[in-house]
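> Starting off with a structure, shown below.
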Amino acid sequence: MENWSVDEVCNWLRQRNLGELVPKFREEEVSGAALLALNDRMVQQLVKKIGHQAVLMDLINKYQQQKSGLESLTYYCETASPKFPEVISGATDRQMLNSSGPVEQKKYLCSTENEEGLIDHRVLKQKKNLKSFFARYKTLQWTSSYALPDFPYDVKCILAEKKCPEHSMRIRIIEFLQADMTKYLEGSLYPNSQQYNIVVSALLQAYPFLDEDGNGFLLWKRALKDRFKYVRRPIEDDEQVLRNKCKFGHRRGQTRKSSFAENKPYEVQVQGEEEPVHLEGSAMGVHIKWLKREYMKTQRNWKEVDNRMNVTIEIRRKMISDKAPLKDILRLFPFLRCPYQLFREFQLLTHMDIYKKTVEILESYSENILSLYVVRNNPINIMLQENLKRHTEEDVLKYMKTTAACLLLPDVFGDDASLFAAVNEEVKVVTPVLEVKNPFNVNSCEFALYIERQELAQLDDCTMALAALVAAFHVFGIPCPKRIHRTLSFLESLVLEVRSP
C-alpha cells in the first residue's frame, strides 16, 4: 500500500464503499504512503462523517496489523537457527544446501558432523523429516479406505448407461468429488497429489468407461485440481491461505518466491492471484476481470455490462445454489450491488419486470392499507398524519402515502416489521431488510438494502426499495423467514402473477 498512487488509493476507497471520500482524497493528493501516515486529526479534516472516519481508521489499522504479523512471521522463518531445522516448516537439508554456496555447504556438513558425530547426512535428513512422514501416514489412513460418494439420482442414471457424460454432467461429478474430499480432509482445501490420485483412481475403477482412450486419468485429475482452486480463490484472505502463502514465499505483487525458489525448479511455484475459472476454460475469468474493472469506473458501458452479466449468469447461479458466501459473490460480480442489475437478474430468472409490478402494487393498495383499522395507531401512520398537515402539494402527499403503505405492509399481515424495515434505527437482522431514514422528508429521506448487516445498495424511493427487497430473496437464494413469510408471499404472488392459497 505504501507504493500506491493517488488513483490506486481512490480505487481502494471505492472497493470499501467509501466512494464519497474520493474527491477530497484526490484534491489533497493522498497517496498510499500518505494514507498510512494519517492520524486522527488528519482523518477528521479529510472526512466529515463520523462513520466514515471510523471505517477508514479501522481499515488502515487492520492493514498495518496484518502487514506487521506477516513480516514478523517471515522474519522468523528466515532467521530461525539452522541448529533446529525441525522447527522450520518445510525446511530440508536440500533447501539449505541449494540456497548456499559450496563453501557454506562444506561448513554446514562439517558443523553437522561435529554436533552429531560422524553420521551419514541422509540419516539426518530422515530424522528431520519425521513430521512430514507422519503427515503422509495420516494421508494414507483415509485414502486406503476411501469410497466414492453417493451421487445424485440423475448422475447415477447417466453413469448406469455406461456412456461418457456431457460437459455439464462432468462438472457435477467433479463438484461432488471435491465436496467429499473436503470432508475427508476435515475441511482443508489443500489435497496433495497422492490424494488426488487415490480419488481419481477410485472413480475410474468404479466406472472404467470414463477413462477416454486411456487419457481420462489426467483429465479428471486436472479438473478436480481446478475445482479446488476455484473454491479456494474466493477465500484469499482466509487464515489457512495466508499460512500457505507465507510457507511458499508469496509476497504481494510477486508471482513466485525470489531467488531461493528459482534455484529449485522441482519445488512448488506459487502463481499469482487469478480469477475463478470454471472447467470450460479461462473465458469466464476474462469476463469477471472486465466486470470488476468496469465497476470501478464512473462512466460505465452499461450495454457491455449487460452482455457480460448474461454470459456469466451460469457460474453466478451455480455459486448461489452451492451456498457460496455473499461477500465472495459480490466480490466477483459487484454489479449486483446496482439496483438496475439486481432487477435485471430477477427478470432473467422469472421473466418479470419487478420494478414495474411494484409500482402497480403500491398504487393499487396504498389507499386500502392506510384505511385499515389495524394500522390506525401504528407509529408509522401517526408520523404520516403529522407530516400530511405540513404539505399541500399533490405529488408530495402521494409520495408520503405510498411510503407509509410500503412500511405498513408487515403490520397488515401480522408479521414482524423488524424483519422488513428498520425505520430510523440500526439494522439488526442478517436476512434482507430495508434501512429507512426520515421516510416522510422528501429532501433527506434515505433508503438502503441490507444483507447480513452490510449495505448492499442505496435506493431512490420506497418503490425501488420494496422491489429490491423482494428481488434480493430470489436473486441470492435466501430462505424467507417465517415471521415475514405472509407479507413476502403476498408481494410475490402479485409480482409473479400467481394465486397463493
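The values are calculated or read from the model by the stated rules, or taken from the named source; none is laboratory data. What you see is a predicted model, and the numbers here were worked out from it, not measured in a lab. Here Cβ is always computed from backbone atoms with ideal geometry, including for glycine, and neighbour counts include all displayed protein chains. The accessibility values were calculated without ligands, DNA or RNA, using every heavy atom of the protein model including side chains. Shrake-Rupley method; radii C 1.70, N 1.55, O 1.52, S 1.80 Å.
> In segment 360-382, what count of residues is obtained for those that are open to solvent by less than 40 Å² (accessible area, probe 1.4 Å) and part of a helix (DSSP H, G or I)?
Of the residues in segment 360-382, 8 are open to solvent by less than 40 Å² (accessible area, probe 1.4 Å) and part of a helix (DSSP H, G or I).
> Quick one: ARG390 ticks every box in (1) open to solvent by 20 Å² or more (accessible area, probe 1.4 Å); (2) more than 19 Å from ASP461 (Cα to Cα); (3) in a helix (DSSP H, G or I) bar one, so which box is it?
(3)
> Identify all residues within segment 146-179 that are outside any loop (DSSP other than H, G, I, E, B), modelled with pLDDT of 80 or more and within 18 Å of SER321 (Cβ to Cβ); write none if there are none.
VAL155, MET169, ARG170, ILE171, ARG172, ILE173, ILE174, GLU175, PHE176, LEU177, GLN178, ALA179
> Within segment 27-71, work out how many residues are within 28 Å of LYS327 (Cα to Cα) and open to solvent by 90 Å² or more (accessible area, probe 1.4 Å).
Within segment 27-71, residues that are within 28 Å of LYS327 (Cα to Cα) and open to solvent by 90 Å² or more (accessible area, probe 1.4 Å) number 6.
> Which residue, of VAL375, VAL412, VAL433, is at pLDDT below 90 and either under 30 Å from ILE173 (Cβ atoms) or in the same structural domain as ALA465 (by the TED database) (or both)?
Testing whether each residue is at pLDDT below 90 and either under 30 Å from ILE173 (Cβ atoms) or in the same structural domain as ALA465 (by the TED database) (or both) leaves just VAL375.
> Pull up segment 428-439, narrow it to residues that are at negative phi and open to solvent by 10 Å² or more (accessible area, probe 1.4 Å), then point me to the one that is farthest from the chain's Cα centre (by Cα).
Among residues in segment 428-439 that are at negative phi and open to solvent by 10 Å² or more (accessible area, probe 1.4 Å), the one farthest from the chain's Cα centre (by Cα) is LYS437.
> Mind counting the residues in segment 393-427 that are in a loop (DSSP other than H, G, I, E, B) and either closer than 16 Å to TYR365 by Cβ or not charged (D, E, K, R) (or both)?
6
> Counting only residues that are free of Cβ contacts under 8 Å to residues at least 24 places away in the same chain and in a helix (DSSP H, G or I), how many does segment 14-33 have?
The number of residues fulfilling the criteria is 7.
> Which helices (runs of 4 or more DSSP H) does segment 311-353 wholly contain that include 1 or more residues that are over 16 Å from LEU456 (Cα atoms) and either charged (D, E, K, R) or open to solvent by 10 Å² or more (accessible area, probe 1.4 Å) (or both)?
313-321, 339-350
> From the list GLU446, GLU425, pick out the single residue that is over 17 Å from LEU326 (Cβ atoms), open to solvent by 40 Å² or more (accessible area, probe 1.4 Å) and touching a strand residue (DSSP E or B) at 6+ places or on another chain (Cβ under 7 Å).
From the options GLU446, GLU425, the qualifying one is GLU446.
> Okay, next question. Against the condition on the phi > 0 side of the Ramachandran plot and outside the structural domain of PHE490 (by the TED database), how does LYS323 come out, does it pass?
So LYS323 fits the description; yes.
> If you don't mind, another one. Among the residues in segment 448-463, are any over 18 Å from the mean Cα position of the chain (by Cα) and either in a helix (DSSP H, G or I) or at pLDDT 95 or above (or both)?
Checking segment 448-463: at least one residue is over 18 Å from the mean Cα position of the chain (by Cα) and either in a helix (DSSP H, G or I) or at pLDDT 95 or above (or both).
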